[in-house]
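These notes are about the structure you will find just below.
Here, each number is a calculation from the coordinates, and none is a lab measurement. No experiment lies behind these values; they were computed from the predicted model shown. Here the Cβ positions follow ideal geometry from the backbone for every residue, glycine too, while neighbour counts run over all protein chains shown.
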Amino acid sequence: MNIPTATPVWSRLIYQRYKKLCEFQGRDPRTTRRIRSFLSDFEILNLTLSHMEHRGQDGGTYREHQLNRDIATVVNALQTIISEFGAYQSILEYLPDSGEEFAPI
């Protein structure tokens, strides 16, 4: 599955990456509704920006999200989690060169 890394990104694509991380870890993913709730929480905490995109009758409606912080800052703040669970390929370049090997997903 090739998921784009550019932002903003749709909730659906975020959920696909999340599911892939869960599969990699052998864990059951939460529901799409729960992940959307997390994304709303991130916006309230000013970690992300999001907006509804309306593409007319045939294009549908969806929510787009993007980080409201520098990606390197976010990755640095998540070092413990990344060390334990691995890192999606799109953020490997932002990981510090600490000599530690991170599992790419």
Task: Cα gyration tensor shape for segment 9-68, rounded if a/c is under 1.5, else prolate or oblate - done: oblate
Task: Where labels lie 7 Å past Cα in the beta-carbon direction, separation of Phe42 and Lys20 in nm - done: 1.5 nm
TODO: Using 0.36 nm per residue of separation minus the Cα-Cα distance, give me the extension gain between Arg12 and Gln79 in nm, one decimal.
DONE: 21.6 nm
- [ ] Taking the Cα centre of segment 20-61 as origin, sum charge times position over the Cβ atoms of Lys and Arg (+1) and Asp and Glu (-1), and report the length of that vector in debye to the nearest 20.
- [x] 160 debye
